[in-house]
Structures are given as C-alpha cells and as structure tokens.
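Q: This is the structure, below, for whatever I ask next.
The values are calculated or read from the model by the stated rules, or taken from the named source; none is laboratory data. Everything numeric here is computed off the predicted structure, so don't read it as measured data. A quick note on method: Cβ atoms are made from the backbone with ideal geometry, for glycine too, and the neighbour counts reach across all protein chains shown.
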Amino acid sequence: MTKPNRTRTVGVTAGSAFDLRVEEAVFDGLDVTLRPVDIETTDDLKRELADVDAVIDRLLAAPYTSAVIDSLDHCEVIARCGIGVDGVDTERAAQRGMYVVNVPVYCQDEVSEHTIMLLLALERNLSTYDTAMHDGVWAQDVTTTQVHRLRGQTLGLVGFGTIAKLVAEKAQAFGMDVVASDPYIDAEEMARADVEKVEFEELLAVSDAVSLHAPLVEETKGTMDAEAFERMKDSAFLVNVARGGLVVEDDLVDALRDDEIAGAGLDVFETEPSSQGDAAPPFESPLRDFDTVVLTPHVAWFSQEANEDRRRTAARDVRRVLEGTAPENPVNEPQ
C-alpha cells in the first residue's frame, strides 16, 4: 500500500507531563509528529485523536469502544503499551482496517518480584510492624496475627504463563511447594518446572497462598468469588497482580470480615482511577480497613527498564505500520 507523502501524526496518550524521548528515538528519520494528549474519557479520545494516523496508548485511561474506533478516521494502528487489550474493541478496529498491537513480552521480572514481595509482606506481617514503628511504637507483639516461615508452605498459581513460572522459581527458592491450575498447560510442562498440576478446586483447598496470573477474559471474570473463598484455608492469603476483574471484591471483603482467609496482597482492582497522583480521586475501598491487606496502585509492572521497554516496543510496531509493513505483535487482523 502506498503511503501518503505527508507528515504523519502519532497521538501519544501520555499527557504533557511525560517525556517522549524513547518514542522520538524510534521515529528518528521518519516524517512523524508526536502529539502528547491528556485523556480521561472516551470523549477525550474522540476529540484529541480524530485526525491522527496512529495511537500509542501508555495508560489506557479510557476504553477504545466501537464509537471511539469509528471516530478515528485516519488511524492505521492503535499500540497498547502493555499486555492487556481488553479495553480496546479489537474486532471493530479490524473491521475498520486498523491494527491493534500490544507488548506481550515485558515486565515479567518486575511482576514476579512484586508477587513475592506481597507474599512476604503478608507472611511477615510487614505493614503492621512498619506502621507501628513509624508511629514510634517498638513492640514485637503489636499484632496477634501468626507469622510463619515460607519453607514447607504450598503456593497455588492460577494460570501458568511466563510470569507464573518465574514466581514458581522464586517461591521454590524459599522452599515452597508449588501447584498450579491452568487448562491450557499440560502436567508434563508443569512438572519440568517442579510444579504439580491440580484442578482449581484442589488448588484452593491445599494452598497456603493463592496467586493469580490468568488473563482477564470472559471465562476468568470473577474467578475468585464467594464460593472460591469458602474453599480456601482460613490461614491462606490471596495475591493478585494480574487483573482486578479476576476477583469479586465484595466477596473478598466478606471473606476477610468473616475470617475465611487470612489476608490479601493486591496490586489491581475491579475499578481503578483513570488519572494519577493529585489528579486522581481518593482511593475509596473497604479493603483499606483491613490490617491484613497490603495494597499497591497497579505498579507491579513498573521499573525504569520495563517502562522504556514497553514504550520502545509499541513505537517500533507503529513505525512498521506507518512504513507499510506488518507489525510484530498484532492482536487482530485488519480486513
């Protein structure tokens, strides 16, 4: 396909506060203008991106609905700077002849490290001790929560992709036994990682900690509901660094209040603010009321290295499309 002989515009949904040095380096030598835009709503997407030739979306602050896709009259590709594309109507984009690409391989080390960090914080009761010390209280008995060593405990992984495998490796280094449930991974592959394949119900029953690593698709929404929490040990922890929609938060709150589980470490939530820092609304959740819950603001993926990796990979695929070649990481097939 012959490309127009004009300057191309790439909208970068990062806002004016973010630098564009990584993207500028990727597009060096190509007649491209990078336009940073602030996005909070679908109306912002329609207004700010109406005339762009491509989009690099760093934050997915608002969903790319069919109506948004239809408003992007000149757009050839939407690049998601991350793994998940559940906020993009990929089918409608394909119908409009538009690629949707993602960054399927990045931040595995960061997310697996964050998983273990949350697990350790829960098992060692870190937040309670830390709060007491910051309040000037030196008291080893500040909590009645039991503290246990990791060695000999069982970690259950829901999903057994790349990140889960790294979590298993790290957990085994602490002496943990690891089981996993994943309908798409056979027992032989798990066994090669010294992991035992079990059914989901058994995983819940035998695990001292359950860590979620499944994608958010229709069949996995609400995986951790009231029934799932009832199956868990009352001494077990839940860790979720995957997608907030995997957990029914109201059911989790009930399980915590009823002492059906011991606590939770969460980096993702059913509903998350679209803005950051002072611009974000207060984080309102009953989960804040529990000393046995450790919360982080969807940062498991983040490190300086991972952030630059995802931006570079997304920008390279946009450049490929604008130059008339196929992207490396398409998640749809334009018609």
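Q: Provide a single number: the residues in segment 311-335 that are surrounded by fewer than 19 Cβ atoms within 10 Å (Cβ to Cβ) and in contact with a Lys or Arg (Cβ under 6 Å, 6 or more places away or on another chain).
A: Of the residues in that region, 1 qualify.
Q: Sort out which residues of segment 292-335 are under 18 Å from the mean Cα position of the chain (by Cα) and of a type in the set (D, E, K, R), and write them in order of number.
A: Residues satisfying the conditions are GLU305, GLU308, ASP309, ARG310, ARG311.
Q: If only one of VAL12, VAL22 is part of a strand (DSSP E or B) and under 23 Å from the mean Cα position of the chain (by Cα), which one is it?
A: Sole residue among the options that is part of a strand (DSSP E or B) and under 23 Å from the mean Cα position of the chain (by Cα): VAL12.
Q: Listed residues ALA264, ALA314, ALA255, ALA242; which is assigned by the TED database to the domain that holds ASP28 and either outside any strand (DSSP E or B) or within 26 Å of ALA171 (Cα to Cα) (or both)?
A: ALA314
Q: Kindly evaluate GLY87 against the criterion of being surrounded by fewer than 20 Cβ atoms within 10 Å (Cβ to Cβ), in the same structural domain as ALA14 (by the TED database) and not aliphatic (A, V, I, L, M).
A: So GLY87 fits the description; yes.
Q: I want to confirm something. Restricting to segment 189-227 and keeping residues that are in a helix (DSSP H, G or I) and aliphatic (A, V, I, L, M), which single residue is surrounded by the fewest Cβ atoms within 10 Å (Cβ to Cβ)?
A: In this case the residue turns out to be ALA191.
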